[in-house]
Each structure stands twice: as C-alpha cells, then as structure tokens.
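I have placed the structure first, in the form of structure tokens, so that the comments after it can refer back to it.
The values are calculated or read from the model by the stated rules, or taken from the named source; none is laboratory data. Quick caveat, the model's predicted, so the values are computed rather than measured. All Cβ positions, even for glycine, are placed from backbone atoms using ideal geometry, and neighbour counts span all protein chains on display.
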C-alpha cells in the first residue's frame, strides 16, 4: 500500500478550507502566493487559471502524501484506509509534517480523531476555523470505506457509482456525506434543508439547474471539480 495518493473526499476537504485565488497576493508573512496556497515560483502580477490552481494543489499535496506513507511519521500507515489517509494528508497540508509526527507517535489508530481536536490554536488562541477543520478531518477519518480496492484505483469507480445515485432532500447515507464534502457543508449524511439550500447555490454557481436535486450532471460536475 506504499505510495498511495489522496482521494476525492480528501481533496474536497482541503479545498473546502483553503481559499483559491487566481491572482498572486502576499500572505501575512509577505510571501507571494497563488491558487490554494501555492508559493513556489510565484511572483507579483502572476495570474493562473482554475485548472492550473488544481494542478498546483495536487503538486503541493503530493509532498505531504509522502509523509503519510512514511512509517517514521505515521507508524500505522499500512493499516490506514483511504478516508483515514485522506484526513491525515489534509491535516499535514494545514499543519506540516512535524505535527503529523507528533499526532501519530505513541498513539493507536482509533485515538487519532480525538487527538486531532487539540490542534486548533494559533499563537495560543483557539480559532473557530481550525476547530471546524479538525472536526471535518476527524469525521472523514471515522467514515467507513464501503469498498477499498486501493487508493489508485477507486476514483473512477466512485465517480461511476455516485453519478448514478440521485439524492435530494430526505436522502441519507454515504453518498450524501460525499456530496456535503463537495459543497462544503457539515458531512452528517442527512440531506436536510441546509444541504438543499447550499446545493441550490452550488448548482447556480456552476451553471446547473438550481433545483436542489443531485443527479447525474451535478455529480459529474462536482467530482470533476475536485
């Protein structure tokens, strides 16, 4: 299971919490940044497309995948399922490989979600945004994988399965959770009024019929946007 890659749910989670900017800007530390927090080779006045931002994200995520695949950082890496792997990549992307090592050293797998909640402070102050991210990562870590055939071969199968599964208000289950991650809301697996309203907004923003019903076209657009 070495050299695994992040899955769609993990990428969706990272994008949910990382804003995307297509024109270079200076971060609080004065570093020129673009896309989803990309800094390598960025200069003043630089502009990119959304597609390029996605490519940069995959490039940056790959650096942290290596650490999650490394037993020196994650002693139980060989036992991780795809959702657990994705959650730890998101954690590393946000906090760095050093904190991943601290999180996983001396702990067993089922202790990780609760331990994640301790990493929600900056300069000694608890930040609501970090609290939300840790909860989302813990939820993904705890989410069961229905069928795990290997990280490099699940993407197409997931896309095919979910594109055929129409969901709407009143629906429940794993497909709803995946959709909630895509649109950036709490992944509780229950398609209520809040999820319906966010779905309509998301559909409108992506040029789709804003009816709040997630059918083949919404799934296709959502999965391809990851």
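Which of the residues that make up region 37-71 are under 17 Å from residue 88 (Cα atoms) and in contact with a strand residue (DSSP E or B) (Cβ under 9 Å, 6 or more places away or on another chain)? 57, 59, 60, listed by residue number.
Quick one: which helices (runs of 4 or more DSSP H) sit completely within region 78-123 and have at least 3 residues that are within 15 Å of residue 139 (Cβ to Cβ)? Reasoning before the result, please.
Details: elements: 82-95, 97-104, 112-116.
Answer list for region 78-123: 82-95, 112-116.
Just checking, how many residues over region 55-69 are assigned to a helix (DSSP H, G or I) and surrounded by 19 or more Cβ atoms within 10 Å (Cβ to Cβ)?
Quick first cut of region 55-69, residues assigned to a helix (DSSP H, G or I) only: 55-68.
Still in the running and surrounded by 19 or more Cβ atoms within 10 Å (Cβ to Cβ): 56-57, 61, 64-65, 67-68.
Residues in region 55-69 being assigned to a helix (DSSP H, G or I) and surrounded by 19 or more Cβ atoms within 10 Å (Cβ to Cβ): 7 in total.
Tallying residues that are part of a loop (DSSP other than H, G, I, E, B) and surrounded by 21 or more Cβ atoms within 10 Å (Cβ to Cβ) within region 173-219 yields 2.
Just checking, how many residues over region 36-51 are modelled with pLDDT under 95 and either surrounded by 17 or more Cβ atoms within 10 Å (Cβ to Cβ) or outside any loop (DSSP other than H, G, I, E, B) (or both)? Residues flagged as modelled with pLDDT under 95 and either surrounded by 17 or more Cβ atoms within 10 Å (Cβ to Cβ) or outside any loop (DSSP other than H, G, I, E, B) (or both) within region 36-51 amount to 5. Only residues that are within 15 Å of the chain's Cα centre (by Cα) and touching a residue at least 60 places away in the same chain (Cβ under 8 Å) were counted across region 112-144, and they come to 7.
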